[in-house]
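All remarks here apply to the structure that follows.
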Amino acid sequence: MGAKTKAEVVEYASKHTIEEKLTAAVNEAILSNSPDPLGVIAAILQRESAARGAVDYDLVRNEIKSLLENQLWDDGSLGPKFVRLAWHSSGTWDPVTKTGGSNGAGMRFEAERSDPENNGLMEGQAFLEPIKKKFPGISYSDLWVLAAYVFIEQSGGPAMEFTPGRVDHADENAPAMPPIGRLPAAEKYIVKGQQDEQGRAMGWEKLAMHIRDEVFGRMGFTDRETVALITGGHVYGRCHPQDTGYAGAWVEEPTKWSNEYAADMVGDDWRLVTKEDTWLESIGAKELIPSGDKQQYVNRKKPDEIEAPDATQFLPGKYKVCSGFVNVRKEPDVKSDIIGQPQRDECLNLVAVKLFGTAVRGRLDTSGWVSIIASGGKVLFEREGDLELQPGTYRTAGECDLHSSAGGDKTGKLPAGDHKLASVALGADGRAIWAEVEGGAGWLAVLSEENGVVADRIVEGFNDKQTDKEFEDPPAPNQMMLVSDMVLAWDPEYRKVIEEYAENEEALTSDFGAAFKKLTELGCNF
């Protein structure tokens with residue numbers, strides 16, 4: 001039959017008997033030279049059935065969407081579980097033997113389900129079972145992949161065009177069932193308990209070979225596609241000790257698409273831990289303690305290892321949030337009231353920077369303080385450039401001195417209240433901030449060494465009026481990386497790509513969408 005549009009298939013089906021259609025399918029199977037000709041025949045007939053409207057994939061999508069939010073599950077979403085289910089069902093493909101891949105949904109059977117890398121995925125299958133019963137025409141293979149596509153798009157990730165037609169294995173004796181051991185192993189070839197002088201787990205070079213050659217290279221992926229698949233896949237969800245032995249989430253917000261995995265990989269400090277590192281519990285990071293003989297990297301430090309950073313490296317200027325969000329507090333004290341929570345990639349003007357213990361904090365031109373470096377050492381902001389001082393309405397809490405010019409003599413007083421300021425700029429010393437009060441009243445030292453900040457720039461919706469809004473104050477994020485994750489930072493070729501993704505989320509989104517679609521279609525008879 002060859003490739004057909006839906007209209008052509010419907011026309012073909014209406015003009016031919018089942019015997020004729022079956023004969024055409026058999027002929028195509030013979031020409032394909034597939035080791036599973038019955039699978040090819042089933043795929044052809046299933047495509048025809050789908051084209052005639054047996055499965056309404058828009059309705060299936062809606063059912064999946066209604067299922068995603070689940071407050072009783074990890075981080076309130078089943079989506080990450082579906083991504084892992086689709087990923088693992090697809091990542092077994094071997095083009096030489098034409099076995100494995102998403103076609104077949106072999107994880108329903110013990111022969112594939114028993115792979116230790118698939119522990120915990122029965123739950124994802126179980127949650128999708130009601131949809132399968134409601135839409136019996138869709139194969140498990142298609143449903144698992146479509147569930148991942150739907151969640152990834154809904155979470156803000158790439159939208160991928162879904163192609164149906166995967167056919168389920170009848171039983172675990174199907175010729176295309178994959179053997180155990182094709183999925184990536186997080187510590188393969190690693191020498192337990194040993195690190196080099198740079199803190200890298202001994203044997204990481206062989207682990208890199210495993211990732212590059214034995215897993216992704218086997219399936220035909222380049223280094224760039226490999227990094228995209230790992231980066232995009234691990235922005236979602238978390239590990240559970242009862243399933244894999246590993247513990248914790250890779251990123252702060254494991255149900256939202258972002259490039260945080262890449263940014264944190266190259267921007268944070270990571271240390272190797274095992275189940276013996278019980279000090280993690282004392283700092284509120286018990287969830288990062290692996291079990292058994294597993295070892296992983298975490299973003300936390302022992303309290304006595306945290307050193308005060310050099311605050312002089314953080315000049316006043318324009319700063320971008322590089323964490324999921326940050327708290328703006330009324331005062332520098334971390335117990336002070338939270339008055340705002342700017343989100344990732346928002347930019348703020350920090351007019352003053354000071355060291356408080358082991359934390360570096362900055363004062364916003366709109367009022368309040370944020371941590372540039374948290375007391376635990378986590379980097380929350382990146383400096384984007386010099387201050388972008390802006391004219392506008394400024395509010396003074398009390399009476400302030402007026403001057404004849406920037407740095408000039410005092411000429412009078414400016415009462416407390418809202419005032420229009422123009423020509424806001426740095427003074428001659430490069431530290432003070434001066435502004436001319438509209439109407440010729442004089443000049444105000446918005447920031448000076450003598451008085452600090454005396455006027456806040458007013459921004460609608462932030463500090464223009466009193467609000468009763470309350471902000472949650474979640475604990476510091478506990479994040480982990482598998483040893484196989486860290487290889488992306490250690491291997492020179494992988495490092496080039498992960499650094500690019502850390503700076504360019506659009507590139508990651510595009511690359512992951514293409515690579516994930518490719519992964520989930522390997523071995524399919526489309």
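Between the DSSP loop rule and a limit of at most 10 other Cβ atoms within 10 Å, which GluC sites (Glu not before Pro) in region 153-237 are left? Numbers along the way, then the final one.
Numbers: sites: 153, 161, 172, 187, 197, 205, 214, 225; in loops: 161, 172, 187, 197.
Here the GluC sites (Glu not before Pro) that fit, given the DSSP loop and packing criteria, are 161, 197.
Quick check on the chain: helices-only [θ] at 222 nm, where DSSP H runs of length 4 and up contribute -39,500 (n - 2.57) each and the sum goes over total residues. Nearest 500, please.
Details: 15 runs with 160 residues, N = 526.
Using -39500 (n - 2.57) per qualifying helix, the result is -9000 deg cm²/dmol.
Between region 390-458 and region 209-229, how far is it from one alpha carbon centroid to the other, in angstrom?
Taking the Cα centre of each part, region 390-458 and region 209-229 sit 59 Å apart.
Step through the table entries 81/320; 286/335; 335/469; 188/286; 330/420; 81/517, compare each Cα-Cα distance with 27 Å, and write down the pairs that go over it. Show your work: numbers first, answer last.
On the way: 81/320 31 Å; 286/335 23 Å; 335/469 17 Å; 188/286 25 Å; 330/420 23 Å; 81/517 17 Å.
In this structure, 81/320 lie more than 27 Å apart at Cα.
By its C-alpha gyration tensor, with a ≥ b ≥ c as the square roots of the eigenvalues, how is the chain shaped: rounded for a/c under 1.5, else prolate for a/b larger than b/c, else oblate?
It is prolate, given that a/c is not under 1.5 and a/b is the larger ratio.
What do you get for GluC sites (Glu not before Pro) in region 253-324 restricted to DSSP loop and a cutoff of at most 11 other Cβ within 10 Å of the site's Cβ? Working shown, then result.
Details: sites: 260, 276, 281, 287, 305, 307; in loops: 276, 307.
Listed in order of number, the matching sites are 276, 307.
Just to confirm my numbers, what's the Cα centroid distance between region 162-194 and region 281-298 in Å?
With region 162-194 and region 281-298 each reduced to a Cα centre, they are spaced 27 Å.
For region 311-385, what class follows from the C-alpha gyration tensor (a ≥ b ≥ c being the square roots of its eigenvalues): rounded when a/c is under 1.5, otherwise prolate if a/b is larger than b/c, else oblate?
Values: a/c = 1.21, a/b = 1.05, b/c = 1.16.
Rounded shape, in that the Cα axes give a/c under 1.5.
Please compare each pair in 318/354; 206/302; 65/256; 302/378 to a cut-off of 23 Å on the Cα-Cα distance and tell me which ones are over it. Please report the intermediate quantities before stating the final value.
On the way: 318/354 15 Å; 206/302 30 Å; 65/256 15 Å; 302/378 13 Å.
Violating the 23 Å Cα-Cα cut-off are 206/302.
Could you work out how far helix 223-233 tilts from the main Cα principal axis of the chain, as a 0 to 90 degree angle to the nearest 10?
Long axis of 223-233 versus the principal axis of the chain: about 80 degrees.
Excluding the sites themselves, what is the longest stretch of the chain that contains no trypsin sites (Lys or Arg not before Pro) in a DSSP loop with at most 11 other C-beta atoms within 10 Å? Present the calculation step by step, with values, prior to reporting the outcome.
Values: sites that count: 335, 465, 469.
Longest stretch, sites excluded: 1-334.
Using only Cα atoms, tell me the angle between helix 57-68 and the longest principal axis of the chain; keep it within 0 to 90° and round to the nearest 10.
With rounding to tens, the tilt is 50 degrees.
Would you mind checking the tilt of helix 122-134 against the longest principal axis of the Cα atoms of the chain, expressed as 0 to 90 degrees and rounded to 10?
Helix 122-134 sits roughly 70 degrees off the main axis of the chain.
Only the coordinates and a few stated rules stand behind these numbers; no lab work does. Predicted model only: the values in this text are computed from it and were never measured. Ideal geometry is used to build each Cβ from the backbone, glycine not excepted, and the neighbour counts take in all protein chains shown.
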